[in-house]
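Presented below is the structure to which this report refers.
The values are calculated or read from the model by the stated rules, or taken from the named source; none is laboratory data. Computed from a predicted structure; not experimentally measured. Neighbour counts are summed over all protein chains in view; Cβ atoms, including those assigned to glycine, are modelled from backbone coordinates with ideal geometry. For accessibility, only protein heavy atoms count, side chains too; no ligands or nucleic acids. Shrake-Rupley method; radii C 1.70, N 1.55, O 1.52, S 1.80 Å.
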Amino acid sequence: MAHSTKLSVRGYHLDVYGHVNNARYLEFLEEARWQFFEERGVINAITGEELGMVVVNININYRRPALIHEALEITTELTRVGNKSLIIRQVISLAKTGDIIADTDGTYVLFDNHTGKSVALEGEYKALLECLMD
């Protein structure tokens, strides 16, 4: 189940070169992931006092600069649930044309906030996440 998040490039997103600063893309992607899990009603199960979801690897392929006032669409989908980690595919594109701005396949783990260790993806956690896949 792919999810779409829309946002507009604002002046405060830009760097001195007049395009979206590379660090801002991480914020865009994070906002889209939160919306993905919130709209599916599972955000409370994977974030809170006991548990969190953290990035363990993310590489962004920058394809084209995003400029002020451009409308962006971020497509988010869960593509893999393993025993210890999950993969989330995200693509940032121009809303009007579909031209790809950036894309990534990020690796995430569920993290026990008390022990400081990742949580195995089994039982209820695995079932919950697998239900979100296409």
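Go through segment 61-94 residue by residue and tally those that are assigned to a loop (DSSP other than H, G, I, E, B) and over 26 Å from His19 (Cβ atoms). Give the steps one after another, and end with the answer.
Of segment 61-94, the ones assigned to a loop (DSSP other than H, G, I, E, B) are 63-66, 68-70, 82-85.
From what's left, over 26 Å from His19 (Cβ atoms): 82-85.
Looking only at that region, the number is 4.
Going through (1) within 23 Å of Leu132 (Cα to Cα); (2) touching a strand residue (DSSP E or B) at 6+ places or on another chain (Cβ under 7 Å); (3) touching a residue at least 40 places away in the same chain (Cβ under 8 Å) one by one, Arg40 falls short only on (2).
Residues in segment 98-134 that are acidic (Asp, Glu), without any contact (Cβ under 8 Å) to a residue 60 or more places away in the chain and under 22 Å from Thr5 (Cα atoms): Asp99, Asp103, Asp105, Glu130.
When residues in segment 5-16 are screened for being surrounded by fewer than 16 Cβ atoms within 10 Å (Cβ to Cβ) and touching a residue at least 12 places away in the same chain (Cβ under 8 Å), 4 of them pass.
Within segment 1-23, being of a type outside the set (A, V, I, L, M) and either assigned to a helix (DSSP H, G or I) or in contact with a Lys or Arg (Cβ under 7 Å, 6 or more places away or on another chain) (or both) holds for Gly11, Tyr12, His13, Asn22.
For segment 58-77, enumerate the residues that are without any contact (Cβ under 8 Å) to a residue 60 or more places away in the chain, within 25 Å of Leu129 (Cα to Cα) and either surrounded by 13 or more Cβ atoms within 10 Å (Cβ to Cβ) or over 17 Å from the mean Cα position of the chain (by Cα) (or both). Within segment 58-77, Ile58, Ile60 meet the criteria.
For segment 47-63, filtering for residues that are among the hydroxyl-bearing types (Ser, Thr, Tyr) and closer than 12 Å to Gln90 by Cβ leaves 0.
Scanning segment 24-57 for residues that are of a type outside the set (Asp, Glu), open to solvent by 50 Å² or more (accessible area, probe 1.4 Å), part of a helix (DSSP H, G or I) and within 23 Å of Leu72 (Cβ to Cβ) returns Arg24, Leu26, Trp34. When restricted to residues that are in contact with a Lys or Arg (Cβ under 9 Å, 6 or more places away or on another chain), in a strand (DSSP E or B) and either open to solvent by 70 Å² or more (accessible area, probe 1.4 Å) or under 15 Å from Ala32 (Cβ atoms) (or both), segment 95-117 contains 8.
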